[in-house]
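Following: one structure in structure tokens, then a few remarks.
Only the coordinates and a few stated rules stand behind these numbers; no lab work does. Just so it is clear, the structure is predicted and the values come from calculations on it, not from any experiment. Neighbour counts run over all protein chains shown; Cβ positions are idealised from the backbone, glycine included.
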Amino acid sequence: MKHVILVILLVLGLMPAAHADELAAVKQLAEQGDTKAQFVLGSMYRDGRGVAQDDDEMLRWWRMAAEGSNFDAQFALGNLYSGGSRVAKDHVLAYMWFDILAAQATEGFLGKIAASNRDALKSFMTPDEIAKAKELSAEWQSKHAK
């Protein structure tokens with residue numbers, strides 16, 4: 001329970017991540033497959049909070065969390081690939097992650113925002129790119145069907 005509270009506080013930014021014990025706790029949870037901790041750890045690497053800033057580690061942890069159906073990570077990856085500020089811009093991957101999130105987050109606003117972002121990307125994509133993104137999304141959803 002203590003670790004869950006720690007992760008929530010870190011996500012909300014209410015606790016500094018610079019302390020070694022807190023970093024170790026988040027990393028341990030992340031390594032055990034906790035997708036919230038994976039997302040937080042990736043965010044820590046993005047921001048350089050308690051760890052050296054490292055875009056490769058950010059991506060590694062966010063992808064792991066996204067593969068575990070973490071909505072925040074899926075949204076973050078969609079934004080990351082659509083903006084291309086820390087990774088190469090990739091509209092196919094951005095569309096894929098937004099489409100996956102829109103299909104999963106059917107209640108609340110996040111799914112609607114993801115669908116809107118996905119649809120906005122179409123104006124920057126060729127028909128072949130859209131088809132590829134839809135194919136990747138369908139493959140992911142088929143593989144992760146519950």
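Which ordering of 27, 143 is given by a fewest-first count of other beta-carbon atoms within 10 Å? Present the calculation step by step, with values, prior to reporting the outcome.
Details: 27 18, 143 8.
Fewest-to-most ranking of 27, 143: 143, 27.
To the nearest 20 debye, what charge dipole does the stretch 70-146 have about its Cα centre, counting +1 at the Cβ of each Lys and Arg and -1 at the Cβ of each Asp and Glu? Display every interim value, and only then the final one.
Values: 9 positive and 9 negative charges, 15 e Å.
Using only the charged Cβ atoms, the result is roughly 80 debye.
Using the alpha carbon gyration tensor of the stretch 86-133, what are the three equivalent-ellipsoid semi-axes (square root of 5 times each eigenvalue), largest first, in whole Å? Display every interim value, and only then the final one.
Numbers: eigenvalues 74, 25, 16 Å².
Over the Cα atoms of the stretch 86-133, the ellipsoid semi-axes are 19, 11, 9 Å.
Straight-line reach from residue 112: which aspartates and glutamates fall under 15 Å, measuring Cα to Cα and dropping same-chain residues less than 8 apart?
Here the aspartates and glutamates satisfying the reach criterion relative to residue 112 are 72, 99.
Take the chain, drop everything but the C-alpha atoms, weight them equally and run the Debye formula without solvent; then report log10 I(q)/I(0) at 0.09, 0.15, 0.17 Å⁻¹ to two decimals.
Taking Cα atoms of the chain as identical point scatterers yields -0.29, -0.75, -0.93.
Helix-only mean residue ellipticity at 222 nm, the chain, DSSP H runs n ≥ 4 weighted -39,500 (n - 2.57), per residue, nearest 500. What is it?
Values: 8 runs with 106 residues, N = 146.
Calculated from helices alone, the mean residue ellipticity at 222 nm is -23000 deg cm²/dmol.
Could you check the spin-label model distance between residue 116 and residue 21? Points 7 Å from the Cα along Cα→Cβ, value in nm.
4.3 nm
Which ordering of 119, 90 is given by a fewest-first count of other beta-carbon atoms within 10 Å?
Details: 119 13, 90 17.
With the sparsest Cβ surroundings first, the list reads 119, 90.
Just report the Cα centroid separation between the stretch 95-115 and the stretch 47-78, whole Å.
The distance from the Cα centre of the stretch 95-115 to that of the stretch 47-78 comes to 18 Å.
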